[in-house]
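Only one structure is covered here, and it is reproduced in the block below.
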Amino acid sequence: MTQSLNGKIILISGASAGIGRATAITLAQQGARIIALGRREDALEALRDALPAGMVRILAGDLNDDAYLQRVQALAPEVDVFVNNAGVLRYAPILDLSPEDCAWMFQTNVLAALKITQTIARAMVANKRGHIVFMSSIAAREVYRLASVYCATKHALSALARALRLELQGFGIKVTEVAPGMVDTDIRVGSDHPDVLASVANRKFKPLTAQEVADAVVYALQANPNCCPDLIELRPQGAF
Ligand SMILES: NC(=O)c1ccc[n+]([C@@H]2O[C@H](COP(=O)([O-])OP(=O)(O)OC[C@H]3O[C@@H](n4cnc5c(N)ncnc54)[C@H](OP(=O)(O)O)[C@@H]3O)[C@@H](O)[C@H]2O)c1
């Protein structure tokens, strides 16, 4: 017996592309009502138009912008589920990463992710129910060449997810961490260091699809009330 998602209000950050977009579509197909966040309004409109009328509300803005977060906060009391998915990366050898790239990754993947989580979780505590899904990564537990700072941000995000679970479980709130390995999205397009391009060209496995990650989110959200899937790691077959 699984929990129905029909009619649930699900807020998804980073819903304009990749994993977040696939998750929004898959959850809407289960009957959930989606609130889709992302900076690109045109991409959010395309998502909304791809689904039946009324299934998707969009709110475009930058998670680092406090005025935007206040608009998100106004929606928080009605949110049943928050998929904390937005994230960025720049791969490069550690000695070649610029301070700006390092700050950008920590700002978005850790600080902005924490701030929106606090905003939504406060309302969930008041409601005494809710489920937060963190999109971390295999990079939250392993460290690999050319991904130093990204791995550090995902380790930090995972620590926040685990701490949040400890503090919020008493309020009836579940926290799940979904941790995929490489997924076939556009997240690496800005990583054009020759070492990175060579590494990607030489990889010996096929990345996961965004749909496969979306299916893991659905699995977590459909778990019975007394069952919290704490951590779901997904690796492409043969990626060792
Ligand atoms: N792809 C992988 O291999 C992989 C593996 C493990 C985990 N992940 C994680 O999965 C999540 C989604 O990644 P993806 O692969 O789907 O990447 P993606 O296709 O590049 O999507 C990233 C999403 O984050 C949003 N975003 C980024 N910065 C933002 C900001 N400042 N404010 C608001 N929205 C912002 C983007 O929206 P706009 O551009 O419209 O703002 C976009 O919707 C990330 O947290 C990533 O770290 C990815």
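Every number in this text was worked out from the coordinates using simple rules, so none of it is lab data. Quick caveat: nothing in here was measured; it's all calculated off a predicted structure. Backbone-built Cβ (ideal geometry, glycine too); neighbour counts: all protein chains shown.
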>> What do you get for trypsin sites (Lys or Arg not before Pro) in region 122-162 restricted to DSSP loop and a cutoff of at most 10 other Cβ within 10 Å of the site's Cβ?
In response: K128
> Which residue, chosen from Y150, V79, S98, occupies the Cα position most advanced towards the positive end of the dipole of region 71-205, where the dipole is computed from +1 (Lys, Arg) and -1 (Asp, Glu) charges on Cβ about the Cα centre?
Replying inline: V79
>> Roughly how far apart, in whole Å, are the Cα centres of region 17-45 and region 62-122?
In response: 17
> Expressed as an acute angle from 0 to 90° and rounded to the nearest 10, what is the orientation of the C-alpha long axis of helix 66-75 relative to the principal long axis of the chain?
Replying inline: 40
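Size of the dipole of region 57-118 about the Cα centre, Lys and Arg at +1 and Asp and Glu at -1 on the beta carbon, nothing else charged, in debye to 20?
Around 140 debye, computed over region 57-118.
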>> To the nearest 20 Debye, how big is the dipole of region 116-163 about its Cα centre, given +1 on the beta carbon of each Lys and Arg and -1 on that of each Asp and Glu?
In response: 160
>> About the Cα centre, and with charges only on the beta carbon of Lys, Arg (+1) and Asp, Glu (-1), how big is the dipole of region 49-206? Nearest 20 debye, please.
In response: 660
> Which GluC sites (Glu not before Pro) from region 100-179 combine a DSSP loop assignment with at most 14 other Cβ atoms within 10 Å?
Replying inline: E142
>> If I fit a long axis through the Cα atoms of helix 113-127 and take the longest principal axis of the Cα atoms of the chain, what angle between them do I get, 0 to 90°, rounded to 10?
In response: 20
>> Give the lysines reachable from K128 as a straight Cα distance under 16 Å; neighbours fewer than 8 places away on the same chain don't count.
In response: K8, K174
>> Please give me the summed charge of the neighbours of R57: other residues whose Cβ is under 10 Å from its Cβ, Lys and Arg +1, Asp and Glu -1.
In response: +2
